[in-house]
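Right, one structure below, let's go through it.
Just so it is clear, none of the values below were taken in a lab; they were calculated from the coordinates. Just so we're clear, the structure is a prediction, and the values are computed from it rather than from any experiment. Backbone-built Cβ (ideal geometry, glycine too); neighbour counts: all protein chains shown.
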Amino acid sequence: MKPNPEANSNRRALVLFSGGQDSTACLAWALERYAEVETVGFDYGQRHRIELACRQTVRREIAAQFPAWAAKLGEDHLLDLRLLGQISDTALTESRAIEMQANGLPNTFVPGRNLLFLGFAATLAYRRGASVLVGGMCETDYSGYPDCRDNTLKAMQVALSLGLDTAMTIETPLMFITKAETWSLSEQLGGPALNELIIEHTHTCYLGDRGLRHAWGYGCGSCPACELRRKGHDEYLAAKATCA
């Protein structure tokens with residue numbers, strides 16, 4: 001995943017940035033590659049709204065701890081998509097138990113979420129002169145969401161490029177790697193300092209719980225997002241110990 005300076009030196013990127021582990025790793029990945037990187041977040045009435053506050057803390061910490069990245073970190077944008085929450089019936093937009101549904105998907109799946117996010121992000125990128133969208137979608141360690149699949153993202157890239165009549169690239173650096181490998185990627189990009197920043201300042205827990213700090217970060221420890229993050233962190237540490 002080494003950057004190609006000649007290919008990316010003049011390109012601007014827009015990172016879909018939630019304030020979680022995955023999007024923070026993607027932000028670091030983009031800052032290593034592109035001339036300027038802006039971020040966009042979405043308020044869709046999510047139950048774990050605390051992530052919206054974490055976004056700004058993560059951006060400030062990255063700028064403070066990584067001066068080379070700070071020089072390329074551009075504006076942040078927060079889009080109001082609360083209509084999505086109003087038409088959704090999910091455990092991410094309502095106070096209800098997280099469980100599996102008859103269709104095999106967890107009820108944390110918000111139908112159309114990533115499709116809407118990418119559409120609005122592409123519109124913003126077009127206006128801001130960016131030609132790359134970067135997202136943390138992944139189909140390796142994930143909850144089975146169909147709008148996280150590589151084929152979905154490839155189809156969206158074609159549709160957006162045609163609809164805007166300009167090339168719009170969707171980059172998904174985490175698509176085929178595990179959560180353990182995501183921890184390794186962020187360490188490769190920013191060393192132990194970036195992983196410590198992720199542990200201390202990012203938010204992933206679906207329930208919005210920041211009352212207890214675990215070795216892998218804050219969260220309830222039992223929702224699917226926390227379980228994936230904990231498992232990945234455990235595997236990452238085990239792999240490091242084996243290589244030591």
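Data table
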| quantity | calculated |
| --- | --- |
| Inter-centroid distance (Cα atoms) of segment 12-63 relative to segment 134-212, Å | 10 |
| Calculated FRET value between Asn10 and Leu79, using beta carbons and R₀ = 25 Å, to 0.05 | 0.45 |
| Cβ-Cβ FRET estimate between Ala193 and Ala155, R0 fixed at 30 Å, reported to 0.05 | 0.20 |
